[in-house]
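To keep things clear, I will list the structure first and then write my remarks on it.
The values are calculated or read from the model by the stated rules, or taken from the named source; none is laboratory data. This structure is a prediction, so every number in the text was calculated from the model and none was measured. Every residue, glycine among them, receives a Cβ derived from its backbone with ideal geometry; neighbour counts consider all protein chains shown. Keep in mind that these areas ignore ligands, DNA and RNA; they rest on the heavy atoms of the full protein, side chains included. Shrake-Rupley method; radii C 1.70, N 1.55, O 1.52, S 1.80 Å.
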Amino acid sequence: MPGANPPRTEDSAVAWVASPNLHLVHFGSLSHTRSLQGLLNALPEFFSQHPEARTHLRIDIYGSDLDALSARAIQDHQLSDIVITHGRLEFDADSQQSGREQVNKLMREADALLLLHGNSEWCAEYIPSKAYEYFWAQRPILALTHRNPAFNQLLVEHQAYISEQSNPRSIIAALEQIYAAWQQQQMPVIIAKPLGVEQAVQTILHVVGELN
């Protein structure tokens with residue numbers, strides 16, 4: 001399913017329910033250029049300011065093994081109880097759901113979706129396709145971005161929490177906002193319209209029209 005296509009009706013009916021822990025959930029691949037390292041390196045300072053958060057924060061990883069940088073950060077900061085890898089989801093015989101169906105459901109159940117842009121130079125020229133799937137899930141997004149104002153503006157329009165991936169202070173500030181909302185059981189409901197094919201075509205036609 002292309003990321004810009006809407007989920008099925010039954011997928012979109014899944015509702016978020018508060019849980020005893022704050023779950024930041026990442027879907028997709030990890031690598032040395034798109035790593036959890038920046039987030040994980042900011043956690044010790046965040047926990048020093050909010051010690052009780054260490055009991056509740058969970059980072060769930062679906063669809064990928066840990067990259068070497070993430071694994072090293074987990075070891076260095078003793079975060080093995082915080083970061084939980086679930087692997088790739090395949091067809092489930094009990095629920096009769098495909099891996100994609102399970103992913104759509106889990107996205108809509110997440111407290112916040114973790115979106116990693118990367119740290120390479122070409123981040124300035126691309127928007128992760130995962131972003132469009134996240135927009136359809138209509139859950140809060142914690143986005144760690146790099147050198148892409150257009151992407152940041154798109155995230156602002158979808159009410160995301162945005163941090164520069166190499167700036168620990170901005171990451172901690174975003175975590176504090178998310179943690180405060182979770183504590184008060186007031187995680188925002190995202191009302192911005194997700195992006196689809198029609199909006200993309202209209203945007204392209206508008207830009208082309210301005211060139212004439």
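Structure notes:
- Region 77-100 - residue that is closer than 23 Å to ALA42 by Cβ and assigned to a loop (DSSP other than H, G, I, E, B) and, of those, most open to solvent (accessible area, probe 1.4 Å): GLN78
- Strands (runs of 3 or more DSSP E) (entirely within region 104-197) containing at least 2 residues that are surrounded by fewer than 21 Cβ atoms within 10 Å (Cβ to Cβ): 161-164
- Residue among LEU40, LEU30, LEU36, LEU24 that alone is surrounded by 13 or more Cβ atoms within 10 Å (Cβ to Cβ), under 23 Å from PRO128 (Cα atoms) and free of Cβ contacts under 8 Å to residues at least 60 places away in the same chain: LEU40
- Residue count for region 59-76, restricted to those that are surrounded by 16 or more Cβ atoms within 10 Å (Cβ to Cβ) and of a type outside the set (A, V, I, L, M, F, W, C): 6
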